[in-house]
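The values are calculated or read from the model by the stated rules, or taken from the named source; none is laboratory data. Because the structure is a prediction, the values reported are computed rather than measured. Note that we place each Cβ from the backbone using ideal geometry, even for glycine, and neighbour counts take in every protein chain shown.
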Amino acid sequence: MPSGNRSARGAARRLGANPRPAPSATVRHTRDESRQRLSLHPEPSDPQAGATALPRALWRGFKWLTTLGFPRRFPIVQFPNLPLIAAFLAGEAASFLHGDAHFYARSVSYLGMTIWAYEELADGVNWFRHLLGAAYAVIMVMRVAHAIQG
């Protein structure tokens, strides 16, 4: 048999790669065969698989959501990442709290916004996101200075 007619699957088998999914989860193919979704229904042979498959699938789904942006070629609007979500939640909690709890929640909100601004400044996907991170870093410095003063 000529070596040019060998399929990629056959080459993977010869190299010892296992093209089949793990027995604890099934893989469903979508219309685009390059994307695969992990099924959240474990096979009955492994009862512990459901406990680990769900958090992994949720984390992969969250990471996929954070890669979405509009417009696709030059993302200006993106799904919030973890520091930004924490900042929003802490900021909302601070508006309902009083006393020391209010100040702690506001501090967590400022910290989350600062981390988000740094991540955008350092690892933003385009120049607009870098500029947005720089602007929010300056705004956060001013807000913290204002909070310390009074």
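One table, with the values for the structure above:
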quantity: Breaking point among (1) without any contact (Cβ under 8 Å) to a residue 40 or more places away in the chain; (2) within 21 Å of TYR136 (Cβ to Cβ), for GLY69; calculated: (1)
quantity: Subset of segment 86-135 that is under 29 Å from ARG72 (Cβ atoms) and among the aromatic types (Phe, Trp, Tyr) - its residue that is surrounded by the fewest Cβ atoms within 10 Å (Cβ to Cβ); calculated: TRP127
quantity: Residues being assigned to a loop (DSSP other than H, G, I, E, B), closer than 19 Å to THR67 by Cβ and either not small (Gly, Ala, Ser) or not assigned by TED's automatic domain parsing to the domain that holds VAL141 (or both) - total across segment 77-131; calculated: 5
quantity: Residues that are hydrophobic (A, V, I, L, M, F, W, C) and closer than 16 Å to ARG143 by Cα, drawn from segment 89-113; calculated: ALA90, ALA94, PHE103, ALA105, VAL108, LEU111, MET113
quantity: Any hit, segment 74-85, residues being at negative phi, modelled with pLDDT under 95, of a type in the set (Phe, Trp, Tyr) and surrounded by fewer than 17 Cβ atoms within 10 Å (Cβ to Cβ); calculated: yes
